[in-house]
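Input: a single structure, listed below in structure tokens.
Where a number appears in this text, it was derived from the coordinates with a stated rule and is not lab data. The structure displayed is predicted, hence computed values, not measured ones. We place every Cβ from the backbone using ideal geometry, glycine too, and count neighbours over all the protein chains shown.
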Amino acid sequence: MSRREELLEGKRQAMELMDTGMSWQEANERSGLNYSRRGIQQLYQRWREHGDEALIDNRHGHSYKATIKVQDWMGERCAEDSEVRSSQLASEIEAQFGVELHPGYVTLLRHQLGLPVPRPGRPGPRQDAASASEIDPGQDFPPQ
């Protein structure tokens, strides 16, 4: 059963429990939901008016786009180059999978998946070693 189907079943169970007179807190807990009082009561009201159709969440966020294939590819890509920027990853994901993800969401995914995230404003380890060796420690600036 997919996560969406599990959520739908949990909502349905909570609504049926509330319909039998159970408190919203107990129905929320027994069905495995974590809704606020206002949220579950609004859902209950819509369910009473529209039936199970009100329980279906028609929103599609980034999680719908960041499939397992995309996440696996991100893991492989970050293993190859831990300093790759999220904006670059987002561009490569769009080119390879046809999925448009915001670089900020790519960074969030990296954190959630335990992948390395380069620190902003810091030069990566790919600095040209030759240019670094040209600098004389006694000089304040590199030669031109």
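All other residues whose Cβ lies under 15 angstrom from that of Ser87 are scored, Lys and Arg at +1 and Asp and Glu at -1, for a net of -1. Based on the convex hull around the alpha carbon atoms, the stretch 7-87 presents an average projected area of 7.5 nm².
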